Amino acid sequence: MQRRNILVVGAGPVGTVAALACAQAGHAVTLLEAQNAIDASPRASTTQPPTLEIIARLGLIDEYMRVGLVARTFQFWDRPSLKRIAEFDFERLRGETEFPFVVQTEQHKLAHMGIERLRKLPNAEVHFGSRVSALEQDADRVVLRAGEREFVADYVIGADGGRSTVRKSLDIEFEGYTWPERFLVITTLFDFEAALGVSYRNYMADPQEWTNLFKVAGDDLKGRWRAVFNTRTDETDEEALSAAAVRARLARCHAPQADWVHLNLYNVHQRVAKHFRKGRVFLCGDAAHVNNPIGGLGLNSGIHEAWDLAQKLDVVLRGEDPTILDEYEARRRPLNIEYVQEQTIANKKRLEEREPAQRERRFQELREMADDPVRHKAFLMRASLLESTRRAIRN
Ligand SMILES: Cc1cc2nc3c(=O)[nH]c(=O)nc-3n(C[C@H](O)[C@H](O)[C@H](O)COP(=O)(O)OP(=O)(O)OC[C@H]3O[C@@H](n4cnc5c(N)ncnc54)[C@H](O)[C@@H]3O)c2cc1C
């Protein structure tokens, strides 16, 4: 059994970035993925500026932008009246980042790109169909079991998603709650930009049912839209996925004529692991935290963690300051709570507000923020995670 420097569990976008960053630094890395292929279900696409900076440092940015869509703005709408409330423009971040925009690239494309690069590196191995089932560690090493095989390493990165086996094996609590409603993602070729005059990223408030509407490139690069809706708490899966309910939802979003190519129903949580590290094992991405997708922050924060952790492991594996690893949880856990949990909960509340006066106040606040250059930029610094990235560097 060949001992590795780093074992990464889970070839989602976070595990793949972690593995690639560690391998590019010259360390012996093995990436273990339970499935036989990358999960291509429609999930994250919105890639914020600090994440684009990391993707650039990994050498993937040209390809990443080629297979995605650049979105400079996002908009808030009052859905029932189809009135635009406010628009925010990432161009206001010019000078703060090399990338004053987001790129809408589906997360499976990043995982594919990362794996392709890993396969070209002599110090990296990728094993699909390798579900990690058990973990043991002592002061010197970690042993993972996947099927009949055992893997040994100096360090392990658990990037195995929300139901993380690594987190459970470490007996780390996943603190937080699950929302009573679920989120339905309708993927459609209907052109919302042409029909409604919306941008590539839109948050549509409605006291009955909100919509988060955005455009992605698709694997064929021909473009498609994803409309995310909350379900009713008393709605069964069957009901929510029925053609009649899907058509009615599209009609309430002013697209009664739209057809769809894919449907997905998700449970949504706000949870943060009590610890991001135990001994030689670290949690990254959804294994460490989950949140509702409104605002496009979950995956972005996971990639920031993967990059940060890879830098720290590099320092330690080069024989320098081992105490640097203590900073990982101390820095990352509070940043996730303050920037990802708080913002996504606030984003959801803003869209679903029912009380008319409070609803109007929230709209007015958005209008005022969009009209004031200082507040506009400050809002974007937070919403893009640039502010949290700066905090991570300063701390
Ligand atoms: C509808 C929706 C829209 C979203 N939109 C956005 C967005 O725009 N921006 C954003 O930042 N975030 C968004 N998110 C969140 C984003 O999808 C997740 O944060 C992201 O998938 C986390 O990536 P990950 O690599 O940590 O985990 P995952 O993508 O879940 O990958 C985990 C991997 O680990 C593997 N695995 C699991 N168990 C094992 C095991 N025991 N052994 C080996 N492998 C294992 C799995 O097969 C999987 O491949 C969205 C989520 C949803 C549901």
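The values are calculated or read from the model by the stated rules, or taken from the named source; none is laboratory data. All of these numbers come straight from a predicted model, not from anything done at the bench. FYI the Cβ positions are ideal-geometry reconstructions off the backbone, even for glycines, and counts take in every protein chain you see.
Which of the numbered conditions does S45 fail, given that it passes all the others? Conditions: (1) within 11 Å of the ligand (Cβ to nearest atom); (2) farther than 30 Å from E368 by Cβ.
Evaluating S45 over (1) within 11 Å of the ligand (Cβ to nearest atom); (2) farther than 30 Å from E368 by Cβ leaves (2) as the failure.
Which pairs turn up if I take residues in the stretch 268-285 that are within 9 Å of I172 (Cα to Cα) and look for partners that are outside any loop (DSSP other than H, G, I, E, B) and among the basic types (K, R) with beta carbon separation below 6 Å, at least 6 apart in sequence or on another chain?
Cβ pairs passing all conditions: A273/R167; F276/R332; F276/R333.
Quick test for you: out of A330, A273, A245, A258, pick the one residue that is among the small types (G, A, S), touching a helix residue (DSSP H, G or I) at 6+ places or on another chain (Cβ under 8 Å) and more than 30 Å from E193 (Cβ to Cβ).
A273
Can you tell me how many residues within the stretch 343-362 are within 26 Å of the chain's Cα centre (by Cα) and acidic (D, E)?
2
Scan the stretch 119-169 for residues that are out of contact with any Ser or Thr (no Cβ under 6 Å at 6 or more places or on another chain), within 13 Å of the ligand (Cβ to nearest atom) and either part of a loop (DSSP other than H, G, I, E, B) or free of Cβ contacts under 8 Å to residues at least 40 places away in the same chain (or both) and report the count.
Residues flagged as out of contact with any Ser or Thr (no Cβ under 6 Å at 6 or more places or on another chain), within 13 Å of the ligand (Cβ to nearest atom) and either part of a loop (DSSP other than H, G, I, E, B) or free of Cβ contacts under 8 Å to residues at least 40 places away in the same chain (or both) within the stretch 119-169 amount to 16.
Looking at the stretch 94-111 only, could you name the residues that are of a type outside the set (K, R) and either within 17 Å of G295 (Cα to Cα) or within 16 Å of the ligand (Cβ to nearest atom) (or both)?
Listed by number, the residues that qualify are F99, P100, F101, V102, V103, Q104, T105, E106, Q107, H108, L110, A111.
Of all residues in the stretch 21-41, count the ones that are within 11 Å of the ligand (Cβ to nearest atom) and buried (at least 21 other Cβ atoms within 10 Å of the Cβ).
Total satisfying the criteria: 3.
Is there a residue being under 30 Å from L351 (Cα atoms) and at pLDDT below 95 anywhere in the stretch 30-40?
Yes, that holds for at least one residue.
In the stretch 301-328, what count of residues is obtained for those that are among the small types (G, A, S), closer than 24 Å to S384 by Cβ and away from the ligand (no atom under 16 Å from the Cβ)?
0
In this structure, does E116 turn out to be assigned to a helix (DSSP H, G or I) and surrounded by fewer than 19 Cβ atoms within 10 Å (Cβ to Cβ)?
For E116, the condition - assigned to a helix (DSSP H, G or I) and surrounded by fewer than 19 Cβ atoms within 10 Å (Cβ to Cβ) - is met.
Show the residue pairs meeting these rules: Cβ distance below 6 Å; 6+ apart or different chains; first residue within the stretch 291-304 and more than 16 Å from A19 (Cα to Cα); second residue near the ligand (Cβ under 6 Å from one of its atoms) and not polar (S, T, N, Q).
N291/G298
Within the stretch 147-201, can you find the residues that are of a type in the set (A, V, I, L, M) and over 30 Å from E239 (Cβ atoms)?
V152, A153, V156, I157, A159, V166, L170, I172, A194
What's the number of the only condition in (1) crowded, with 22+ Cβ neighbours inside 10 Å; (2) more than 16 Å from the ligand (Cβ to nearest atom) that D62 fails to meet?
(1)
Note down all Cβ pairs under 9 Å where the first residue falls in the stretch 236-249 and is under 13 Å from V185 (Cα atoms) and exposed (fewer than 14 other Cβ atoms within 10 Å of the Cβ), the second is modelled with pLDDT under 95 and not charged (D, E, K, R), and they're at least six residues apart or on different chains.
none
With the requirement that a residue be of a type in the set (K, R) and surrounded by fewer than 19 Cβ atoms within 10 Å (Cβ to Cβ), what does the stretch 42-59 give you?
R57
Kindly establish whether G223 is over 30 Å from Q208 (Cα atoms), over 20 Å from the mean Cα position of the chain (by Cα) and not basic (K, R).
Spelling it out, it is not the case that G223 is over 30 Å from Q208 (Cα atoms), over 20 Å from the mean Cα position of the chain (by Cα) and not basic (K, R).
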